[in-house]
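Every number here is computed from the coordinates shown, using simple stated rules; none is lab data. Predicted, not measured: the structure shown is a model, and the values here were computed from it. So basically every Cβ, Gly included, is an ideal-geometry build from the backbone, and we count neighbours across all protein chains shown.
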Amino acid sequence: MEEKSAKNVLEPVAWLLQMISGAILAVLITVHFYVTHMVSHEAIHYNAVIERLHSTGYKAMYAALLFFVAFHAFNGLRAIILDTNFGARNRGAVNALTMLLFVVAFVYGLYLLVIV
Amino acid sequence: MVEFRIKRFDGSRSYWQSFEVPLKKGMTVLEGLLYIKENLDSTLAFRYSCRMAVCGSCAMKINGRPRLACETQIAALKSDKITIEPLDNFIVIKDLVTEFEGFFKKHERVKPYLIRDDISYESPVELIQTPEELKAYYDFTLCLKCGACYSVCPAAATRDILGPAAITAAYRFCMDSRDRGEDKRVDVILSDDGAWRCHFAAECSEVCPKNINPAKAVQKMRVKAAIKGIKRIFRW
Amino acid sequence: MGVSGWFRGVSPYGLAFSLHRITGIILLIYLCMHLTYLTSLTDKTGKTYETLISITVTPTFLPFDILLVLCGLYHGLNGLRLIVHEFGFAYEQRKAILAASVIITIAAWLYVSYVMYKIVVGG
């Protein structure tokens with residue numbers, strides 16, 4: 001029985017991106033948390049948040065953080081569901097739904113970044 | 001005397017049954033089971049063969065961990081109560097006997113034999129291998145196919161997966177310098193139930209009776225397969 | 001045996017996996033909550049956001065924040081360990097690497113909790 005490899009060509013890519021996004025998040029989340037919770041009590045208030053969101057550097061960092069965290073979280077969820085027989089039977093739907101959730105989370109966060 | 005508390009299954013219902021077994025110095029769990037079968041209850045079903053930890057038939061869950069019954073000394077368990085159950089993640093047929101057809105079929109899927117296109121039976125040529133080349137895969141040849149690794153794999157608890165033993169077998173052949181069949185095995189490893197279901201819980205390595213470290217083989221095999229899989233994308 | 005089979009690991013590596021999965025799920029839920037929370041920023045007067053801050057960035061919520069930080073630190077540092085091993089490196093040193101990641105997690109957590117405590121309570 002020949003194995004169908006065509007459909008599985010994205011799995012190694014998803015695995016690699018999970019590792020890479022994990023490493024990147026280790027840095028970005030540390031920075032994010034440091035800036036918002038470890039410097040001063042003012043950093044968490046509305047004006048300080050808006051000031052950061054209007055700076056190009058922070059905007060880029062937040063966009064990157066959002067992208068990688070949304071991918072890592074929903075790809076992780078995908079891996080967990082695929083660990084079940086339900087996931088095995090409905091692989092296409094699980095892949096599509098979790099990646100859709102990733103896109104929704106990313107787009108929604110980007111929307112907030114842009115309009116605020 | 002030691003209490004053997006055994007999880008029985010008669011095809012329709014599961015129940016626990018206890019037996020008192022006289023303990024002799026050096027007695028193994030398998031000897032205890034044979035004592036029960038010969039003296040107390042001949043309907044007790046369990047697999048065994050070599051009695052010396054080379055065939056893998058007698059793997060079962062003893063006091064919560066999968067072990068080979070033939071090499072587990074009762075005294076070493078340091079308990080008056082020995083709890084015995086069939087391996088987890090396998091379908092139970094009767095008592096301590098589980099279905100193994102599926103497990104062996106997974107081995108078949110990874111093509112666990114040397115693959116070369118220059119094998120000639122009319123004019124055979126010796127395949128030379130240095131001791132260093134042998135060392136690269138030797139440990140992984142020791143697998144008994146006992147199923148202990150599969151029984152503790154978290155992913156195997158919720159889904160039928162290729163499993164640590166089969167992936168280790170694939171790695172064993174891919175690392176064999178005489179083999180030319182890595183490409184043929186990579187598809188199996190890349191499949192949905194293959195290497196991606198491993199998250200390095202590494203419980204498999206903890207329970208392997210031959211200390212093969214299947215967890216290591218799975219990580220190494222996954223990287224090999226991922227590299228080949230990603231290279232294939234760029235050739236499209 | 002279902003999903004409970006994921007959390008049966010008794011070796012240090014099995015326990016580490018169980019915690020990694022649990023913290024991952026917690027952080028996923030938190031991510032969704034956090035994005036929802038940030039919707040309050042669309043109120044350009046800042047009132048909605050500040051109201052939420054006045055409720056959640058308080059000594060009452062601090063224990064939850066500290067536990068969340070533990071989840072994040074553990075998942076991140078254990079994740080770095082997994083990256084090393086899943087790329088095929090340092091299998092023989094897995095015990096030392098696991099010990100190091102747990103020790104660093106606890107040390108960082110104690111430090112961060114102290115700083116957060118000082119900011120929210122100590123003032």
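List of remarks:
- Average beta-carbon neighbours from other chains, 10 Å sphere, peptide C:21-34: 3
- FRET efficiency, B:GLU38 to C:VAL3 (Cβ-Cβ, R0 45 Å, nearest 0.05): 0.65
- Label-point separation, A:VAL13 to A:SER40 (7 Å along Cα→Cβ), nm: 4.6
- GNM flexibility winner over chain A from A:ALA88, A:ALA63, A:ALA73 (Cα, springs under 10 Å): A:ALA88
- Net dipole in debye of the protein assembly as shown [+1 Lys, Arg Cβ; -1 Asp, Glu Cβ; about Cα centre; nearest 20]: 80
- In Å, descending, principal axis extents of the Cα set of chain A: 63, 26, 23
- For segment A:41-116: relative contact order, % (alpha-carbon pairs under 8 angstrom, 6 or more apart): 36
- Taking C:VAL120, A:VAL35 and counting other C-beta atoms within 10 Å, the order from fewest to most: A:VAL35, C:VAL120
- Residue among A:LEU77, A:SER55, A:LEU66 farthest towards the positive dipole end of segment A:41-116, charges placed on Cβ: A:LEU77
- Counting only other chain Cβ atoms within 10 Å of each residue's Cβ, the peptide A:19-26 averages 4.
- Gap separating the Cα centres of segment B:5-23 and segment C:37-98, nearest whole Å: 47
- Partners of B:LYS7 within straight-line reach, counting lysines whose Cα lies under 28 Å from its Cα and excluding those fewer than 8 residues away in the same chain: B:LYS24, B:LYS25, B:LYS37, B:LYS61, B:LYS78, B:LYS81, B:LYS94, B:LYS105, B:LYS106, B:LYS145, B:LYS210.
- Relative exposure of A:HIS54, C:HIS75, judged by other C-beta atoms within 10 Å (fewest first): A:HIS54, C:HIS75
- Helix C:62-86 axis, angle to chain C major axis (alpha carbon atoms, nearest 10°): 30
- Helical segments meeting 27 Å axial Cα length and Kyte-Doolittle 1.6 threshold in chain A (DSSP H): A:10-33, A:91-115
- Relative contact order (%) - criterion: Cα under 8 Å, at least six apart; region: chain B: 17
- Under the convention that each Lys and Arg Cβ holds +1 and each Asp and Glu Cβ holds -1, the size of the dipole of chain B around its Cα centre is about 520 debye.
- For chain C, the longest principal axis of the Cα atoms and the long axis of helix C:12-38 meet at an angle of about 20 degrees.
- Inter-chain Cβ neighbour average for residues B:224-233, partner chain, 10 Å: 4
- Theoretical FRET efficiency, 1/(1+(r/R0)^6), r = Cβ-Cβ of C:VAL121 and B:ASN211, R0 45 Å, to 0.05: 0.30
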